[in-house]
Amino acid sequence: MHGYTQNKDDYAKRLRRIEGQVRGLARMIDNDEYCIDVLTQVSATTKALQAVALGLLDEHLKHCVSEAVAEGGGQADEKIREASDAIARLVKS
């Protein structure tokens with residue numbers, strides 16, 4: 001079971017909302033909306049996706065990583081490396 005399973009419905013709901021934001025962005029482009037208004041909505045959508053990513057990362061650390069660390073061994077190192085790599089990707093974006 002994944003760490004986010006308990007909050008799966010919340011994540012799905014948030015992602016559907018973000019999907020709606022992206023469709024709204026496409027409509028704004030189709031309607032030749034003002035550039036700054038489009039950029040403002042892009043920023044809001046980006047922030048929403050980042051919030052989902054941070055939530056998932058938090059769940060991963062609390063569940064998958066802490067469980068692997070408690071068990072010890074090579075799997076703990078692997079889970080920590082995965083989390084570090086995910087953090088690095090989030091920081092780059």
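The values are calculated or read from the model by the stated rules, or taken from the named source; none is laboratory data. Bear in mind that the values here come from a model prediction, so they are computed numbers and not experimental data. Cβ placement follows ideal geometry from the backbone for every residue including glycine, while neighbour counts extend to all protein chains displayed.
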(1) surrounded by fewer than 16 Cβ atoms within 10 Å (Cβ to Cβ); (2) at negative phi: which one isn't true of Thr45, the others all being true? (1)
Gly3 vs. criteria modelled with pLDDT under 95 and either exposed (fewer than 10 other Cβ atoms within 10 Å of the Cβ) or not hydroxyl-bearing (Ser, Thr, Tyr) (or both): yes
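For region 48-65, give me each residue that is over 30 Å from Ile29 (Cβ atoms) and surrounded by 14 or more Cβ atoms within 10 Å (Cβ to Cβ).
Looking only at region 48-65, we keep the residues that are over 30 Å from Ile29 (Cβ atoms), and these are 57-65.
Correct list: Leu57, Glu59, His60, Leu61, His63, Cys64, Val65.
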